[in-house]
Amino acid sequence: MKKLLTIPIALLLLFAILLPSLPASATTTQLQQTIYSSDVSNEAYKDFLLPGNAGNISVSVDTGFVLSHGWNANGTYRVRVGGGTNQTTNTLYRDIDVEHINIRTQTYNSSGVLISTTYSWDNSDNHPTVAYNQNGYTGTLTKWLFTTATGVTYQSGNNTCKETIYTGFYKGQVSKQSTVHSYTITITYDDSGTGPHTPTPSTPPTTPITSQEYIVTTGEAVYVPIRAVNVVDFTGKVFTVTYEPAKLTLADAQYYTAAGVAITVTSHNTTTGVITFTCDKSIPSGQTWTGVVVIMEFTAVASGTATVTVAVS
């Protein structure tokens, strides 16, 4: 007769207490997104909105390779890819702001009678729109503002010539058809992360300093357009505007703000004439943005030449 092995119930309960509980399996999530490179680069990036507890993150791409991936300071997860071979035709759009100067010359005879009026731009003062055609981008820009400044007065024989400088500000959206590269990014993660996440170190690009001189007359308004060129991401960029307090005083830091742009003035020292501000604008993945970010209005407090310098870092 075989003997049955019996284990006391109390001992079974002890084993149950000593056995560790198995951890619950992490939930895995997969996201997929197709993005496009710009027309001047075979690279592209995408900022994914991942939850704070995202962990064990892995990234793959259908063509080319993953250049880098990591957390941004704003909590998004950026994936940058390049080297792809999938080509497609895509319509690229760009918001453009430009200026056109038109100089009116009025000629008076020795008796002070106006004898002729000419314009430097097509000899006309009627330019409500301008055609744009640069770097493959085409479109029509519309004038939304113009300013007037007194130019030089000079003698031509017995006649007196007086110049008036008109500056027209034009804006609009232009487009072009371009061959770009497509990337399908797959990002996989689970909920094992703890957060908060440390941003991937990066150094924002620096835009060279630009300087502009203005001939001003006491009491007149001076409009200073501040531009950005080929910006991929405004995050981390600080604009520094320096003007001459002896010649100018700030009237309106946001006389005009480009569509979709939010400006935050972070400091203004009226003694040194230094203004700093940041810019918030969404730029589609794989595209760049060029245009006037903001136009600041100053008032001339003295006549002469006033210099305004803009730097972006």
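The values are calculated or read from the model by the stated rules, or taken from the named source; none is laboratory data. None of the values given here were measured: they were computed from a predicted structure. Positions of Cβ are backbone-derived with ideal geometry, glycine not excepted, and every protein chain shown enters the neighbour counts.
Output yes when any residue across the range 68-87 is closer than 30 Å to Gly168 by Cα, in contact (Cβ under 8 Å) with a residue 60 or more places away in the chain, in a strand (DSSP E or B) and of a type in the set (Phe, Trp, Tyr), and no when none is. No, the range 68-87 contains no residue that is closer than 30 Å to Gly168 by Cα, in contact (Cβ under 8 Å) with a residue 60 or more places away in the chain, in a strand (DSSP E or B) and of a type in the set (Phe, Trp, Tyr). Considering each residue of the range 56-75, count those that are among the β-branched types (Val, Ile, Thr) and either within 14 Å of Ser182 (Cβ to Cβ) or in contact with a Leu (Cβ under 6 Å, 6 or more places away or on another chain) (or both), and give that number. Here the count works out to 2. Within the range 145-182, the set of residues being of a type in the set (A, V, I, L, M, F, W, C) and either touching a Leu at 6+ places or on another chain (Cβ under 9 Å) or without any contact (Cβ under 8 Å) to a residue 60 or more places away in the chain (or both) comprises Phe146, Val152, Cys161, Phe169, Val174, Val180. Before we move on, is His127 at pLDDT below 85 and surrounded by 13 or more Cβ atoms within 10 Å (Cβ to Cβ)? So His127 does not fit the description; no. Summed over the range 239-261, residues that are assigned to a loop (DSSP other than H, G, I, E, B), crowded, with 16+ Cβ neighbours inside 10 Å and of a type in the set (A, V, I, L, M, F, W, C) total 2. Give me the residue from the range 193-226 that is loosely packed, with under 14 Cβ neighbours inside 10 Å and among the small types (Gly, Ala, Ser) and, out of that set, modelled with the lowest pLDDT. Among those residues, the one meeting the criterion is Ser211. Considering the range 46-67, the residues that are modelled with pLDDT of 85 or more, in a strand (DSSP E or B) and aliphatic (A, V, I, L, M) include one that is farthest from the chain's Cα centre (by Cα), namely Ile57. Looking only at the range 117-147, residues that are aromatic (Phe, Trp, Tyr) and either under 22 Å from the mean Cα position of the chain (by Cα) or over 16 Å from Gly168 (Cβ atoms) (or both) come to 3 in all. In the range 285-305, the residues that are over 20 Å from Ala253 (Cα atoms) form Cβ pairs under 6 Å with partners that are among the aliphatic types (A, V, I, L, M) and in a loop (DSSP other than H, G, I, E, B), at six or more places apart or across chains, as follows: Thr288/Val232; Trp289/Ile283.
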